[in-house]
Amino acid sequence: MLRLSIIVLHQDDDAKLESTLLSLLENRNEKHHEIILVHNGSYNDPYGLSVDEVRMIHASDRNGCIDQINAAVSVARSPYVQILFPGVTVETNWCEEALELLTSPDTVCVGSPCKVESENKVLYGLDQSALPHRRFAQKQNNRIAPVLCGTIFRKKILQLVGGLNSLLPREGAEVELQLLFEAMELESKIATVSRLSGPRRTIEGRDIGYETGRQCGQIACAFGLVEGSGVEIDSLAKQLSHLAGGLMSPKTVAERLGWVMGVRDRSLANNIRDRLISAAERLDEAVEEERNHSSGYRRAA
């Protein structure tokens with residue numbers, strides 16, 4: 001019986017992709033794990049991988065990273081899906097702790113701490129207390145939000161909330177999804193042991209800068225306009241004060257300028273509001289259905 005579907009995205013670097021596939025093929029249990037590779041047709045598969053080893057899905061160049069992940073989730077055959085980016089490698093039993101945590105019906109996803117190659121550091125996920133700002137945690141605590149890389153999701157719940165937001169790049173989509181989970185009072189956890197490793201850029205995604213700040217500002221604005229979302233937007237005066245403070249640090253000025261511009265942009269407001277409404281309706285229907293079967297996923301009223 002399949003326990004986990006591992007989704008790997010090809011991003012035009014065959015060497016990194018093959019390092020990920022090799023580690024998976026060496027460490028997976030064939031009966032319990034399936035590997036789904038999403039690519040645009042540019043990967044030539046020099047090893048002649050069989051369908052039993054890797055299922056391949058072709059995605060158009062027009063489809064971005066998030067659309068590719070959503071497409072792979074839709075065809076996954078197990079109840080749990082994990083997202084890996086090329087260059088990340090796994091160790092033996094890399095998913096067992098996360099799958100054990102997911103036996104709790106209240107838990108919808110479990111993030112995996114990732115070792116940063118050549119740095120002797122572990123990235124546990126996003127600092128939940130900083131959201132909607134995107135900050136990483138390097139210590140295990142109870143306020144960490146999973147990033148996409150390495151996270152194992154309960155497939156049913158991910159689909160019920162509408163999947164990942166395809167209007168956003170990877171970095172924004174993981175922030176938006178975590179805020180949506182919080183608004184729906186859905187619980188995410190972080191595994192305690194790191195059994196994944198990869199380059200920092202692969203694990204984190206895009207560096208903090210103007211564009212990341214702008215996207216996070218847009219997301220914050222959209223959630224701030226939805227009553228009960230739990231996100232509050234600082235006053236313009238406070239935002240400008242933070243911006244002025246950032247001028248003393250070149251590393252943060254671009255992000256803060258992007259944030260100020262993003263919170264004034266309401267282009268995502270309707271999309272996120274509709275996602276929240278639809279997610280709440282579908283989750284309530286699922287809860288009622290599961291209640292009739294004496295089990296289910298809890299969502300607070």
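When I57 is evaluated against the numbered criteria (1) surrounded by fewer than 21 Cβ atoms within 10 Å (Cβ to Cβ); (2) part of a strand (DSSP E or B); (3) at pLDDT 90 or above, which criterion, by number, is the only one it fails? I57 satisfies all of (1) surrounded by fewer than 21 Cβ atoms within 10 Å (Cβ to Cβ); (2) part of a strand (DSSP E or B); (3) at pLDDT 90 or above except (3).
The condition (being at pLDDT below 90 and of a type in the set (S, T, Y)) is satisfied by just one residue among S295, S267: S295. Being modelled with pLDDT of 95 or more, over 22 Å from C114 (Cα atoms) and small (G, A, S) is the requirement here; does G217 meet it? Against the criterion (modelled with pLDDT of 95 or more, over 22 Å from C114 (Cα atoms) and small (G, A, S)), G217 does not qualify. Comparison of D106, D45, D52 shows that the only residue that is among the acidic types (D, E) and within 25 Å of A279 (Cα to Cα) is D106. In segment 98-114, the residues that are closer than 16 Å to N142 by Cα reach residues that are assigned to a strand (DSSP E or B) and hydrophobic (A, V, I, L, M, F, W, C) with C-beta atoms within less than 6 angstrom, at least six apart or across chains, in these pairs: A98/V110; A98/I152; L101/V110; C109/F153; V110/I152; G111/I190; S112/L196; P113/V122.
For segment 108-169, the strands (runs of 3 or more DSSP E) that sit wholly inside it and include 1 or more residues that are charged (D, E, K, R) and closer than 19 Å to A220 by Cα are 125-127.
Would segment 13-20 turn up any residue that is outside any helix (DSSP H, G or I), surrounded by fewer than 16 Cβ atoms within 10 Å (Cβ to Cβ) and touching a residue at least 40 places away in the same chain (Cβ under 8 Å)? Scanning segment 13-20 turns up at least one residue that is outside any helix (DSSP H, G or I), surrounded by fewer than 16 Cβ atoms within 10 Å (Cβ to Cβ) and touching a residue at least 40 places away in the same chain (Cβ under 8 Å).
Output the residue which, of all residues in segment 24-44 that are out of contact with any Asp or Glu (no Cβ under 8 Å at 6 or more places or on another chain) and surrounded by 15 or more Cβ atoms within 10 Å (Cβ to Cβ), is farthest from R3 (Cα to Cα). Per the stated criteria, the residue is H39. When segment 150-182 is filtered for residues that are of a type in the set (A, V, I, L, M) and over 19 Å from Q215 (Cα atoms), the ones remaining, listed by number, are I152, I157, L158, L160, V161.
Here I66 does not qualify as in a strand (DSSP E or B), in the same structural domain as G163 (by TED's automatic domain parsing) and either surrounded by 16 or more Cβ atoms within 10 Å (Cβ to Cβ) or not polar (S, T, N, Q) (or both).
Table: residues versus (1) assigned to a strand (DSSP E or B); (2) in contact with a strand residue (DSSP E or B) (Cβ under 8 Å, 6 or more places away or on another chain); (3) without any contact (Cβ under 8 Å) to a residue 12 or more places away in the chain; (4) surrounded by fewer than 21 Cβ atoms within 10 Å (Cβ to Cβ).
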position: G172; (1), (2), (3), (4): no, no, no, no
position: E182; (1), (2), (3), (4): no, no, no, yes
position: S194; (1), (2), (3), (4): no, yes, no, yes
position: G213; (1), (2), (3), (4): no, no, no, no
position: I219; (1), (2), (3), (4): no, no, no, no
position: E227; (1), (2), (3), (4): no, no, yes, yes
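Can you find a residue that is β-branched (V, I, T), over 22 Å from E204 (Cβ atoms) and under 21 Å from the mean Cα position of the chain (by Cα) anywhere in segment 52-64? Yes, because at least one residue in segment 52-64 is β-branched (V, I, T), over 22 Å from E204 (Cβ atoms) and under 21 Å from the mean Cα position of the chain (by Cα). With the requirement that a residue be assigned to a helix (DSSP H, G or I) and over 16 Å from the mean Cα position of the chain (by Cα), what does segment 201-211 give you? Matches in segment 201-211: Y210, E211.
Determine whether K156 is closer than 24 Å to I6 by Cβ and either in the same structural domain as V110 (by TED's automatic domain parsing) or in contact (Cβ under 8 Å) with a residue 40 or more places away in the chain (or both). Yes: the conditions hold for K156. Of the candidates P86, P79, the single residue that is under 19 Å from G198 (Cα atoms), under 18 Å from the mean Cα position of the chain (by Cα) and in the same structural domain as E18 (by TED's automatic domain parsing) is P86.
The values are calculated or read from the model by the stated rules, or taken from the named source; none is laboratory data. Just so it is clear, the model here is predicted, and its values are computed rather than measured. Virtual Cβ from ideal backbone geometry, glycine too; neighbours counted across all protein chains shown.
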